[in-house]
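Participant: Shown below is the structure under consideration.
The values are calculated or read from the model by the stated rules, or taken from the named source; none is laboratory data. This structure is a prediction, so every number in the text was calculated from the model and none was measured. Reconstructed Cβ throughout: ideal geometry from the backbone, glycine too, with neighbour counts over all protein chains shown. We work out accessible area using only protein heavy atoms, side chains counted, and drop any ligands, DNA or RNA first. Shrake-Rupley method; radii C 1.70, N 1.55, O 1.52, S 1.80 Å.
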Amino acid sequence: MFILKVLTILKTIFIHYQCILCLQKTKQGLCQHCQNALAKESLLHKRRKLTINGQPITLYAFNHFEGLTRKLLFLFKYQKNHIAGVFLGQYMKKAFQRQPFLNDVDYILPVPSHRLRFLVRGFNQAEILAKHIIKQNQILDIRSIKRMKYTKPQAKSNYQQRQIQMHNVFIQTKSISAQHLLIVDDVYTTGATITSLVNTLQNEPTNQITKISILTLCLA
Ligand SMILES: [Zn+2]
């Protein structure tokens, strides 16, 4: 046990002096070279116009699901690398601040994760990203919507399968009142998750939501 503890401490010290992407020496977690490369990726802002149940909704994304952004997201989600999470949160914040169309957002809703996934992973990545972008006078809501069904990762399903899986995945437990509600997620793949969440919001008659937009880190 003692040896295991010492090894864990040594690993932590060692990893802190390495770039989490290219393993070059650095004290910043991510070396300057990788930071510059990521900043270049951040110039590639994506925007997509969607229509969900007749409601026009704009999706903003930081990058395609590729390059260093994808690698960092993998480290964050599957290897629980918190440094990757901090950098992704910062890039997401920059993407958010650069969008004048999102200036009036007053309500932020991260896509909820199922409690089983939360237990296994220890966090909800959408919630962590949302916590990085939140500004004063904005509401961060992690309670009003619950994810009731445990679903497989999207990459393994096609759109039709995914739509069936995602039917009635979310339930709303509290009314929402927002001028401009922003849904935050890490990856937009088939769109079935976001559509299901928007449907839940649209079907709750006590909600008062004027406008909905979506911000994701990656567009797959
Ligand atoms: Zn590096």
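Participant: In the range 21-63, which residue that is assigned to a strand (DSSP E or B) and under 17 Å from Leu129 (Cβ atoms) is most open to solvent (accessible area, probe 1.4 Å)?
Facilitator: My answer is Lys46.
Participant: Let me ask something else. Which condition number does Pro205 fail, the rest of (1) in contact with a Leu (Cβ under 6 Å, 6 or more places away or on another chain); (2) under 22 Å from Thr51 (Cα atoms); (3) part of a loop (DSSP other than H, G, I, E, B) being met?
Facilitator: With (1) in contact with a Leu (Cβ under 6 Å, 6 or more places away or on another chain); (2) under 22 Å from Thr51 (Cα atoms); (3) part of a loop (DSSP other than H, G, I, E, B) applied to Pro205, the lone miss is (1).
Participant: Of the residues Ile142, Ile194, only one is more than 18 Å from Leu217 (Cα to Cα) and modelled with pLDDT of 90 or more; which?
Facilitator: Ile142
Participant: Restricting the search to the range 165-186, which residues are closer than 30 Å to Phe87 by Cβ and touching a helix residue (DSSP H, G or I) at 6+ places or on another chain (Cβ under 7 Å)?
Facilitator: Answer for the range 165-186, where residues must be closer than 30 Å to Phe87 by Cβ and touching a helix residue (DSSP H, G or I) at 6+ places or on another chain (Cβ under 7 Å): Met166, Val169, Phe170, Leu182, Ile183, Val184, Asp185, Asp186.
Participant: Just give me the residues in the range 57-111 being among the aliphatic types (A, V, I, L, M) and farther than 29 Å from Leu23 by Cα, in sequence order.
Facilitator: Ile57, Leu59, Leu102, Val105, Ile108, Leu109, Val111
Participant: Also, quick follow-up: Can you tell me which residue within the range 64-90, out of those that are assigned to a loop (DSSP other than H, G, I, E, B) and out of contact with any Lys or Arg (no Cβ under 8 Å at 6 or more places or on another chain), is nearest to Asp186 (Cα to Cα)?
Facilitator: Once the filter is applied, the top-ranked residue is Phe65.
Participant: Here are the criteria: (1) in contact with a Leu (Cβ under 8 Å, 6 or more places away or on another chain); (2) of a type outside the set (S, T, N, Q); (3) open to solvent by 10 Å² or more (accessible area, probe 1.4 Å). Tell me which single one Val111 does not satisfy.
Facilitator: (3)
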